[in-house]
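The values are calculated or read from the model by the stated rules, or taken from the named source; none is laboratory data. Keep in mind that what you see is a predicted model, and the values were worked out from it rather than measured. Here the Cβ is made from the backbone with ideal geometry for all residues, glycine too, and neighbour counts use every protein chain on show. With ligands, DNA and RNA removed, areas are computed over all heavy atoms of the protein, side chains included. Shrake-Rupley method; radii C 1.70, N 1.55, O 1.52, S 1.80 Å.
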Amino acid sequence: MLNKILLIIWFIFRPKYHLHFFSLIKRKFLFNHDTPSNTKKAYEWANANAISYYDALKKLDIKGEAVGLDNNTIEEGQKLEAKSSTKMGGSGHIHLLYDCVKLLKVENVIETGVAYGWSSLAILKALSENGSGKLYSVDMPYPRKNNEIDVGIVVPQNLKKNWILIRKPDNPGIINALSKVDGGVDLCHYDSDKSWWGRDYAYPILWKSLSSKGLFISDDIQDNLYFSEFVNKRSLKFAVVEFEGKYIGLIRKI
Ligand SMILES: C[S@@+](CC[C@H](N)C(=O)[O-])C[C@H]1O[C@@H](n2cnc3c(N)ncnc32)[C@H](O)[C@@H]1O
């Protein structure tokens, strides 16, 4: 009870999160898709559809050698992370992100969910090696953690020039990010609000923003059935990859 009250107070004193707070309240009155039985079904679906990383790249027509993010960059990031005083969410599949940005030579990338910034680091490193491109990241901090200052901490200064960090919830942060993108979006990485309703807000907007041949990547698709429903309803070309006991969904726009 006390935690709930402190959470409400945290939101009340931060007007830029009010819209998100109201949508969290509204969800309490909507159908709950995030039940344990749906999580079990989603896990089984992801597990049954999972293929190797290399087969996934092949299936989605992503050609070239996948080498992953180099160890020096990872070690540098680990040293920066050690300076953080707060515990934040774990990283996405940084090697997959790095490889996709490099192999597809993407220009504009949008991601949701930054935390320490491991996914941002992988994407920005690949963009800098490509010689061009921008990353638009949307992130709101964990409520009551006071971790704003450490969001993106693993990204070194020299990679920040092509990084636009929008410190807002997905709604309205994604729309704000899209309004800044010059040209089409080539790659989206979704790693923020993993609830069914959170995905129901973000996936359709991000998918619509993707250029033809663009790639959509979503973390933790085993949490609920949203990813499987999304690809099945629209008959999309997708792949699922297992990563550290969790599942990543990839969709290529044809
Ligand atoms: C799992 S972490 C992201 C990890 C990051 N992609 C990486 O690879 O290091 C999730 C992040 O999304 C943020 N987040 C959660 N819900 C959000 C929402 N509705 N809008 C924006 N950010 C959100 C969390 O505060 C956290 O910073």
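For the chain, what does the relative contact order come out to in percent, with C-alpha contacts under 8 Å and a separation of six or more?
Working: 428 pairs, mean separation 59.3, N = 254.
For the chain, the relative contact order is 23 percent.
Over the chain, the alpha carbon radius of gyration divided by the compact-protein estimate 2.2 N^0.38 Å works out to 0.98.
Of ASN108, ASN224, ASN38, the residue with the greatest mean-square motion in the GNM of the chain, using alpha carbon springs below 10 Å, is ASN38. When the helices of the chain are scored as -39500 (n - 2.57) per DSSP H run of n ≥ 4 and the total is divided over every residue, the value at 222 nm lands at -13000 deg cm²/dmol. Rounded to the nearest 0.05, the FRET efficiency derived from the C-beta distance between SER128 and ARG167 at R0 = 22 Å is 0.45. Taking each of LYS41/LYS194; LYS160/LYS208; LYS83/LYS246; LYS79/LYS194 in turn, the alpha-carbon distance tops 20 angstrom for LYS160/LYS208; LYS83/LYS246; LYS79/LYS194. Label separation (TYR142 vs ILE205): 2.4 nm, computed from points 7 Å beyond Cα along the C-beta direction. For the chain, with all protein chains in place and a probe radius of 1.4 Å, 56% of the accessible heavy-atom surface sits on carbon or sulfur.
Ranking ALA42, PHE13, ILE94 by Cα position along the charge dipole of the chain, where only Lys, Arg, Asp and Glu carry charges on their C-beta atoms, puts PHE13 farthest toward the positive end.
Normalised per residue, the accessible area of the chain is 49 Å², obtained with a 1.4 Å probe and no contribution from ligands, DNA or RNA.
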